[in-house]
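What follows is a single structure, written as structure tokens, with notes after it.
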Amino acid sequence: MKIVILSISHSGMKDAVHVYRELMEEESNLVPLSLYNINSILTNEEQQQIAVNCQQADFVLFDVMSTPLENIDFFSQLVGNLKGMVAFVGSSHEQLHEKLSFGSLDYSSFLTLIKREKSETITSEMKHDFERYMLLQEYWRHGGQYNIQQFFRLLLKEYGGFHHFPTPLPLEMIEDVSIYDPCTQKSFADVTEWKEAQQSKQRPTVALFYIGHQYPNKSDHCVAHIIEQLSNDCNVLPIAFTSVVQRDLEKLKTFLIEQLDSSLQAIISFLPFRLGAGPRGGLADVGVDIFKKANVPVFHPFFISKRTVTEWEEKREGIQAGEFIVNMMLPELDGAIHTYPVGALGDEYTDDELDVSFHELTLIDERVEALISRVKKYLQMRQKTRAERKVAINCYNYPPGEGNLFGGSFLDTFKSIENILSKLHNEGYDVEPMTSEQLQQHFTAGKLVNSGQWITEETDVHFIKFPVKEYLTYVQNEPWYKQLVKQWGEPAGEIMASNEQFFIPGLIVNHVFIGLQPTRGVHEDPSKVYHDELLYPHHQYIAYYVYLRHIFKADAILHVGTHGTLEFLPGKENALSGECFPDWLIGDMPHFYYYYVGNPAEAMIAKRRTHGTLISYQSPPFVEAELHGELIQLEHLLNEYDEAQHADPIRLPEIEQLIIEKSAELHFSHQDLEEIEQELYRIKRSLIPYGLHIIGRGYTKDEAKQYMSDVLRYEHPTADSLRRVIAEDEGINFDKVLANKDTKTLVALDEKAEYLIDYYLLHADIPKSQFFEERNDKRCRQTLQFGLQCYQVSMENQETKSLIHCLDGEYNEARIGGDLIRYPDILPTGANIVQFDPRLVPSVSAYQRGARLAEQAIDTYVKKHGSYPKSTAVVCWGLETSRTHGETVGQILAYLGIRLKNPSASFNQKYEIIPVEELGRPRINVVINICGFFRDMFPNIIEDINELCQRLAEVDENEKENYFKAHSETLFKKYKDEGMSDEQAKELATTRIFGPEAGGYGTNVRQIIQTKQWEQESQLAEAYMNSLHHLYTKSFRGEAMPQ
């Protein structure tokens, strides 16, 4: 019997090597074994070798859970040609499972037995083989030398002719959701029994969740070390889980909520996915409910399973897309914080005899120390009284100078700080309230600002002084210090510094610091705008955060408003190291960040790169733009035209000419009167923010009513558009009205909708006999009730309440950020903002909207030029993608002739290339520009588009049917002529995604303009192109593409 095992499990392969050697010592005539590590894309040579060995094998195990899709394509072709038994572990790829062959068991009989269906074709032999097959899978999945030994015993004894082998022993596994200490390898029946084993029962308790089996990587030794380190300051309750698909959450709830007392102070979870929902979905809300009831911060460190420590250190993107989703994005939906790695794969080990290489998880010492320190800091914050806690509040002054003091998107920051200080004072913090006017007195009039030009011998008395000598003790031994000096010179430097000391722009009110985040330095030194390397923060910037952490000794740090610059400092895009500036500057201070709820794209950068617990703040109320100035004159002319049609038709040509002339003056692109009227209606009904938001204040009744009206203009999952209900009751085709932009009908529907809203808010009912049909009466009530809920929740506000909870070291529930009108369930604000699941991009509706836009653009081009466009360009913004759920992505797919095949398969989105005959037009070549936010939020989309582009270049279509393929073939020839290899030329020829360099965000055009470092427009264009010409492919990520 010859055995072949293809696996992604490093620990499984290591244990298999060890057990196989033991068996060889016992049995000289042991069957040959071939092991293959399939974590990476297999080369052609490796594929050929695997194919030969598998075709000769009597048993082949495919363990392909997270192997690259390129390998799946190869295995799908290979598995149909195998003659021996074929088994699978950890695969959801049906095209593989269909080839199952294990003794008398095939895929059909397997399905019948797994579903427990009755069938006359199922024999006792099939049932026996089914039981053996399921046990074989469990042996491999739970891992460890004991289980792997039983794996080989079962296989060889029952199917390999080694009948003299001992009978396999029962599966050894930890009970799911059980208290099991990996340090002592001791289990406890319940929390009471575990408590009895603790040396000190007075210390705080930290619950730690981890995977209790050894598949695909053995991690219990890493977890044990972390538990030992934590145990110096707290009691650690270790809870082992053995499944990512189904977890016994009721048992977990018993441990944490019913059996544990108030000693529980924090949770550390190493579990992938969400607590209540694995790769196949589940009960996510049940998991969140447990966290709510526990009401403690949930830390989520993790182990990198696809990269070595060295690779992680070298890669600017941190981790791959798959691990990003599983270990960062999904846990964030549960409200988890501090998502960064504490371990990764160690150095490669190769077994020369079996010719297989594998890795073992190892800890990243510096990251473990950071985790321990941060958990300890949270515990200390919780244990202090409110009066004892020190809080550092940070506002912005960017660009520097008095004109931009206390900036923040849609935020009246002075009034907001007044509210925050008042709330802190009332909740027992040692701080005196201050009015916004008092704050302005301190930070204006040439006093506390971020600009050297304002500092004189008279005004520098207002600043806090921080000696350079003391600063150096914290920074001079850091690995980045030499490069810092290279960029900014020796400290103190020339920015906010003088006489060997730094100026800290802030004031201390008892136990609260209020200050201004330092500038980036480009306005003080414009030459830095054109710096080729990523610009480090200058000395005073670093000194500011060193002062808050080590001199002021803040128990917590708060940033107020969207947004600062800390999150955009050099370092990894995610999965940060201690050498990344955002991580180093925040250090172990618990960090809270007031962020605008409507900007989840940039909020995620702040969350992940500064380890911030976000606290959302509301937008100011939105109002209709209405018409002003000459737009009113244009509206009057249109009204005059309508009147003349009935009263004085002879005047129509004269009025029409006046309308066309006035619209041209206003730069309207329309010549048709109906189109001008439609555009005027659009402008008039557009929503714009009114005023600025003050943290802690909800909408007034009038503002809430306007919000309700805005919400009910649109369709929602549980409520129809109010205008649609009215229109359809009157027999009007509302979709046709929208498509034709019938402004007169829309205006009439708007007026009727407003009347119904006013009446409902006054009477909690609608007028009798309002609707012709009873079902529309019901629809209207349902819509208005939904609107009333929006009305009420918009007046609630949990922003300052959530801050107090956070400072008490409590759990802050996660809630998706975005457009308040499209997604009113975002309210009330005060929640920990998260992005929606990037696996759901594009949504079905977003794809449909994007496809319509693409076809409209193509039709417009054809009408104008008489031919199809060969190429087009699309920009993907993180914020826009978040708000529309991927409308632009849908547009890209439509240009290329691709549709969603299985949109419900959220974890493995399926796409389908539309046959060109069905498409009815050529595939359009697309060039895609992404911003840094899109790159960080949607790495899976980048991978998907790259894969689709490669597939499109290989379809059997000619250059007239497939402009993308034609363009790719031209580029391939060009790159080959330049001396590239076939593989490299193919990858570059099919890539279409460009953006900022790895770790970079945006362009430096704004800074060039602000600092006046340009003379010709060509300089701005060159700066823009230089910032965004970096490739994003599998092999070239964020690398500059030569022109």
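No lab work stands behind these numbers, since they all come straight from the coordinates. A quick note: this is a predicted structure, and the numbers were derived from the prediction, not measured. A quick note on method: Cβ atoms are made from the backbone with ideal geometry, for glycine too, and the neighbour counts reach across all protein chains shown.
Ranked by how many other Cβ atoms sit within 10 Å of their own Cβ, fewest first, the residues THR254, THR310 fall in the order THR310, THR254. Over region 178-373, all Cα pairs binned in 5 Å intervals from 0 give whole-percent P(r) values of 1, 7, 16, 20, 20, 16, 10, 5, 3, 1, 0, 0, listed from short to long. For region 152-240, the convex hull spanned by the alpha carbon atoms encloses 113 Å³ per residue.
Packing-based ranking of 839-847, 773-781 yields 839-847, 773-781, ordered from highest to lowest mean Cβ neighbour count within 10 Å.
If you look at the Cα atoms of region 701-795, you get an Rg and a Dmax of 12.7, 36 Å.
Of interest is the spacing of the C-alpha centroids, which for region 734-748 and region 849-890 amounts to 24 Å. Using a ≥ b ≥ c from the Cα gyration tensor of region 806-957 (square roots of the eigenvalues), is it rounded, prolate or oblate, where a/c under 1.5 gives rounded and otherwise the larger of a/b and b/c decides, a/b for prolate? Prolate.
Counting every C-alpha pair in region 931-974, the share spaced more than 16 angstrom apart comes to 48%.
Overall, the anisotropy analysis places region 384-620 in the rounded class: the square-rooted eigenvalues a ≥ b ≥ c of its C-alpha gyration tensor yield a/c less than 1.5. Amide H contacts of ILE319 (H built 1.01 Å from N, in plane; Pro and chain starts excluded): ASN574 sit under 5 Å, all sequence-distant by 5 or more or on other chains. Packing-based ranking of 627-633, 261-267, 275-281, 303-309 yields 303-309, 275-281, 261-267, 627-633, ordered from highest to lowest mean Cβ neighbour count within 10 Å.
Working from Cα pairs under 8 Å separated by at least six residues, relative contact order for region 1-100 is 33 percent. Relative intensity of region 212-267 on a log10 scale, I(q)/I(0) at q = 0.31 Å⁻¹, equals -1.20, per a Debye sum over C-alpha point scatterers of equal strength in the absence of solvent. Neighbour counting of Cβ atoms within 10 Å sorts the residues ASP588, ASP73, ASP956, fewest neighbours leading, into ASP956, ASP73, ASP588. Calculated FRET efficiency, ARG280 to ARG713, Cβ-Cβ distance, R0 = 41 Å: about 0.65 to the nearest 0.05.
Put simply, when 700-711, 59-70 are sorted by average Cβ atoms within 10 angstrom per residue, most first, you get 59-70, 700-711. Only lysines eight or more places from LYS251 in sequence, or on another chain, were considered; those with a Cα closer than 26 Å are LYS186, LYS195, LYS201, LYS218, LYS292, LYS293.
For region 768-888, what is one quarter of the convex hull surface built on the Cα atoms, given in nm²? Value for region 768-888: 13.0 nm². For HIS693, the residues whose modelled amide H falls within less than 5 Å of its own, excluding neighbours fewer than 5 places apart on the same chain, are LEU411, ASP412.
Across region 346-503, counting alpha-carbon atoms alone, Rg and Dmax equal 23.3, 78 Å.
A straight Cα-to-Cα reach below 29 Å connects LYS469 with the lysines LYS376, LYS377, LYS390, LYS447, LYS482, LYS486, LYS528, LYS553, residues fewer than 8 places away in its own chain not being considered. Across every pair of non-identical alpha carbons in region 626-685, the mean reciprocal distance, once inverted, gives a Kirkwood radius of 11.5 Å.
Note that region 1-144, at 10 °C in a medium of 1.306 mPa s, gets a Stokes-Einstein diffusion coefficient of 99 µm²/s from its Kirkwood radius over C-alpha pairs.
Backbone geometry of region 740-747 corresponds, through the Karplus equation with coefficients 6.51, -1.76 and 1.60 at θ = phi - 60°, to 3J(HN,Hα) couplings of 8, 6, 6, 5, 5, 5, 5, 4 Hz, x marking Gly and Pro.
Relative contact order of the chain: 8 percent, from C-alpha pairs under 8 Å at least 6 residues apart in sequence.
For the chain, what does -39500 (n - 2.57) per DSSP helix run (n ≥ 4), summed and divided by total residues, give at 222 nm, in deg cm²/dmol to the nearest 500? So the helix-based figure for the chain works out to -12500 deg cm²/dmol.
The P(r) of the chain has a tail past 45 Å containing 42 percent of all C-alpha pairs.
Candidate cross-link partners of LYS974 among the lysines, defined by an alpha-carbon separation under 21 Å and a same-chain spacing of 8 or more, comprise LYS870, LYS960, LYS965, LYS986, LYS1034. Here, region 572-713 is characterised by an Rg to Rh ratio of 1.26, where Rg is the alpha-carbon radius of gyration and Rh the Kirkwood radius.
Given 20 °C and 1.002 mPa s, compute D for region 634-775 with the Stokes-Einstein relation, Rh being the Kirkwood radius over Cα pairs; round to the nearest whole µm²/s. D, rounded to a whole number, is 119 µm²/s. Sites listed here are GluC sites (Glu not before Pro) in region 21-66 whose DSSP assignment is loop and whose Cβ has at most 14 other Cβ atoms within 10 Å: GLU27. Its Cα gyration tensor gives region 839-1040 an equivalent ellipsoid. The semi-axes, each the square root of 5 times an eigenvalue, are 27, 21, 19 Å from largest down. In plain terms, if you count all Cα to Cα distances in region 474-602 and split them into 10 Å steps from zero, the share in each step is 11, 42, 37, 10, 0 percent.
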